[in-house]
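Comments concern the structure below.
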Amino acid sequence: METGTLTVPGAEIHYEVRGAGPPLLLINGGDGDAAMFGPLARLMADHHTVITFDPRGNSRSRLTAPPQPQRIEDRGDDAHLLLAAVAPGEPAYVFGTSYGGMTGMDLLARHPDQVRTLVAHEPFTIDLLPDAERWHALFEEVHALYRSEGLRPAMRRFGEEIGVDIAPEPDDALPAPARDMLARIQANGEVCLEYELRTFTRFRPDIAGLRTERFALVTGEQQPRTLMHRTTEALAERLGTRVTEFPGGHVGYLTHPKEFAVALRGAFAGHPGD
């Protein structure tokens, strides 16, 4: 694995490259970083040049300007510049989860020449729901709870409401890589609640631009259903397309990497791009 740092407006982006073959960009969401894609990236590197990165403000991608509310378009710009630097002139397969799926949508809409095929996993497109304002009000409450009581109470409330388990706290009994990753994710949660949640969930995808054979929507197969199932289905309804189930839940790429890699290869084969 090779690592590097890309200077972009307002940040320095930490990225990792594995394997050889057609480029594949994996885009994380929320408080995640490149390490969460490690198991999947190693499997996909058999047939791809796999590019992973820490989103700006997360983990090793430090901000070089004063922090401020972020937009999905900011992450889309980072993905565009990263592909231009690491895989110039060659369209990439793109997989994005949660906010990462939304980032991929922005990349496809504004830089279609850089995307061969996009698979979006459980995109958090709240603004497409009929009760969107109820959720936006909740996110304001979660932010206020974070300000008054701290990260863990706010993340617990958030997880309970949307139907997912929050990341566990670092434990000395864990192997060092896992413990270090959890410590980074915990710190990233501060960035997520303060600068991302309330703005990222206002993102509205370019519906017309997503009506293409180069785009696929997927969700985790685990039950019970979560808010991300609803947002994915709402987007599918707008597009008039189907949703494919992938192994695991919202972080199935981490908990079921082998099965997930098989499903992802199948999705790319079924949507081969232009």
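Would you mind stating whether R110 is touching a residue at least 12 places away in the same chain (Cβ under 8 Å), charged (D, E, K, R), over 22 Å from A167 (Cα atoms) and crowded, with 22+ Cβ neighbours inside 10 Å? No; evaluated as a whole, the condition is false for this residue.
Could you look through segment 26-68, keep only residues that are farther than 16 Å from L264 by Cα and acidic (D, E), and pick out the one that is surrounded by the fewest Cβ atoms within 10 Å (Cβ to Cβ)? Checked segment 26-68; the qualifying residue surrounded by the fewest Cβ atoms within 10 Å (Cβ to Cβ) is D33. Here E221 clears all of (1) surrounded by fewer than 19 Cβ atoms within 10 Å (Cβ to Cβ); (2) within 15 Å of the chain's Cα centre (by Cα); (3) among the acidic types (D, E) except the condition numbered (2). Listed conditions (1) touching an Asp or Glu at 6+ places or on another chain (Cβ under 7 Å); (2) assigned to a helix (DSSP H, G or I); (3) surrounded by fewer than 17 Cβ atoms within 10 Å (Cβ to Cβ) are all met by G76, apart from (3). The combined condition, being part of a helix (DSSP H, G or I), over 18 Å from the mean Cα position of the chain (by Cα) and surrounded by fewer than 24 Cβ atoms within 10 Å (Cβ to Cβ), is not fulfilled by D127. Here is a check on your reading of the model: is V142 in a helix (DSSP H, G or I) and of a type in the set (V, I, T)? Answer is yes for this residue.
Among residues of segment 1-25 being without any contact (Cβ under 8 Å) to a residue 40 or more places away in the chain and acidic (D, E), the one that is surrounded by the fewest Cβ atoms within 10 Å (Cβ to Cβ) is E2.
Checked against (1) surrounded by fewer than 19 Cβ atoms within 10 Å (Cβ to Cβ); (2) more than 17 Å from G96 (Cβ to Cβ); (3) at pLDDT below 95, I185 passes all but a single condition, namely (1). Taking segment 233-263 as the range and being buried (at least 21 other Cβ atoms within 10 Å of the Cβ), within 18 Å of Y99 (Cα to Cα) and touching a Phe, Trp or Tyr at 6+ places or on another chain (Cβ under 9 Å) as the test, the residues that pass are F246, G252, Y253.
The values are calculated or read from the model by the stated rules, or taken from the named source; none is laboratory data. On a predicted model such as this, the values are computed, not experimentally measured, just so you know. Because the Cβ atoms are built from the backbone with ideal geometry, glycine has one as well, and the counts that use them run over all protein chains shown.
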